[in-house]
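To keep things clear, I will list the structure first and then write my remarks on it.
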Amino acid sequence: MIGSDALGSVLGAAPVGDPERVTNIVRAMIRIGLSPILMKPGTKHPVCILSEAAAKKADTQARADYVARFPDRPADRITHECGLKHVLDDPAKVSVIVKRAQARYGADLNLGLHLGRSRLLVVVVDTEAEREAFARSWIEHWNTVPVPITVESPGAQNELGDWIHKGGGHWYFTVPEDFTFPAGKVFKGPGGWAAMWGESYVLVPPSVRPEGPYRLTGTPTPAPEWLKGQIHSVPAQDPNSSSFSVT
């Protein structure tokens, strides 16, 4: 189980905008049991970490698989899946992969965290209202105030500079080794808060988006029984649907 001191030393001490430390941060994340994903600078979009030759081979295979499934459809634009498929789990390979990604996408890579491989349950709120809604759910089920939010997110603005999301962030919760996550990857709670796990990811400090940086403000804590029960209680929803977003 991930220790709070370990998480703070890895993510909390990493300065914003220091591309030379990306390799060390990623290695440290792996060593404390986290599963990092490299992201394009300033965004929430994962990069492809494959070499040019490996990427071409993967694209060829992806097109062949697509044709096998849909023989009547054109496959010339089909490419291999990246994102959650490119989790980093070997410290010895990190340096080469990070340097390749920085040369291809830019030095200031953002960092994501694969929740399933990290065995984390993360509650996501996009706004102050959703943050308050989660606090109400916590008090209703647990009769105490919620623990401090683990990471504060910078929010999101539209092209006109209007805030779409603001005041949100992520609570990180650990679970026992014998805990079995339900099928799916997200539970939508009352008031808009969402619990995520499995094939999902969130950005972590010291990632930066145009609106600002992600900041570590708390520590991971064991998931309360009521929350573990909630995610098993109803059918999961897909965070790729139009009604779900993560800041």
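The values are calculated or read from the model by the stated rules, or taken from the named source; none is laboratory data. Every value quoted in this text rests on a predicted model; they were computed, and no experiment measured them. FYI the Cβ positions are ideal-geometry reconstructions off the backbone, even for glycines, and counts take in every protein chain you see. Just the protein is used for accessible areas: all its heavy atoms, side chains included, with ligands, DNA and RNA removed. Shrake-Rupley method; radii C 1.70, N 1.55, O 1.52, S 1.80 Å.
Dipole magnitude of region 88-152 about its Cα centre, charges +1 at Lys/Arg Cβ and -1 at Asp/Glu Cβ only, in debye to the nearest 20?
520 debye
For the chain, what does the relative contact order come out to in percent, with C-alpha contacts under 8 Å and a separation of six or more?
After rounding, I find 25 percent.
In deg cm²/dmol and to the nearest 500, what is the mean residue ellipticity at 222 nm of the chain if only DSSP H runs of at least 4 residues count, each as -39500 (n - 2.57), divided by the residue total?
Value at 222 nm, helices only, nearest 500: -8500 deg cm²/dmol.
Work out how much length Ala62 to Asn143 would gain on full extension: take 0.36 nm times their residue separation and subtract the Cα-Cα distance, in nm to one decimal.
This chain segment gains 24.1 nm when fully extended.
Along the three principal axes, how long is region 1-113 when you take its alpha carbons, biggest first, rounded to the nearest angstrom?
Each principal axis gives a Cα extent; for region 1-113 these are 54, 31, 25 Å.
Calculate, for Thr221 and Glu132, the FRET efficiency according to 1/(1 + (r/R0)^6) with r their C-beta to C-beta distance and R0 22 Å; round to the nearest 0.05.
For R0 = 22 Å, the calculated efficiency reads 0.70.
Expressed as a whole number of Å, what is the distance separating the alpha-carbon centroids of region 163-178 and region 71-149?
That distance is 11 Å.
To the nearest 20 debye, what charge dipole does region 69-118 have about its Cα centre, counting +1 at the Cβ of each Lys and Arg and -1 at the Cβ of each Asp and Glu?
In total the dipole reaches around 80 debye.
Among Leu115, Ala6, Ile78, flag the residue with its Cα farthest along the positive direction of the charge dipole of the chain, charges on Cβ as +1 for Lys/Arg and -1 for Asp/Glu.
Going by the charge dipole, the pick is Ile78.
Under 5 Å between amide hydrogens, which residues at least 5 positions from Ser35 or on another chain qualify, with H placed 1.01 Å from N in the peptide plane?
Under 5 Å from the amide H of Ser35: His114, Ser118.
Quick one: ranking Arg63, Arg104, Arg209 by accessible area, 1.4 Å probe, largest first, what do you get?
The most accessible residue leads, giving Arg104, Arg63, Arg209.
Mind jotting down the three principal axis lengths of region 74-162 based on Cα atoms? Whole angstrom, largest first.
Principal extents (largest minus smallest coordinate, Cα): 51, 39, 34 Å.
Under a point-charge model restricted to the Cβ atoms of Lys and Arg (+1) and Asp and Glu (-1), what is the dipole moment magnitude of the chain relative to its Cα centre, in debye to the nearest 20?
Using only the charged Cβ atoms, the result is roughly 700 debye.
Residues of region 62-215: accessible area per residue at 1.4 Å, in Å²?
Ligands and nucleic acids excluded, the result is 50 Å² per residue.
Hey, any idea what % of the chain's accessible area is carbon plus sulfur with a 1.4 Å probe?
Summing carbon and sulfur atoms, their accessible area is 51 percent of the total for the chain.
Ignoring ligands and nucleic acids, what accessible area does Lys40 show with a 1.4 Å probe (Å², nearest 10)?
Rounded to the nearest 10, that gives 80 Å².
I want to verify the translational diffusion coefficient of region 105-247 in µm²/s; compute it with Stokes-Einstein, Rh as the Kirkwood radius over Cα pairs, at 25 °C and 0.890 mPa s.
Diffusion coefficient, whole number: 158 µm²/s.
Quick check of the Kirkwood formula: for region 15-57, what is the inverse mean of 1/r over all pairs of different Cα atoms, in Å?
12.1 Å
Rg and Dmax of region 159-212 over Cα atoms: what are they, in angstrom?
14.6, 48
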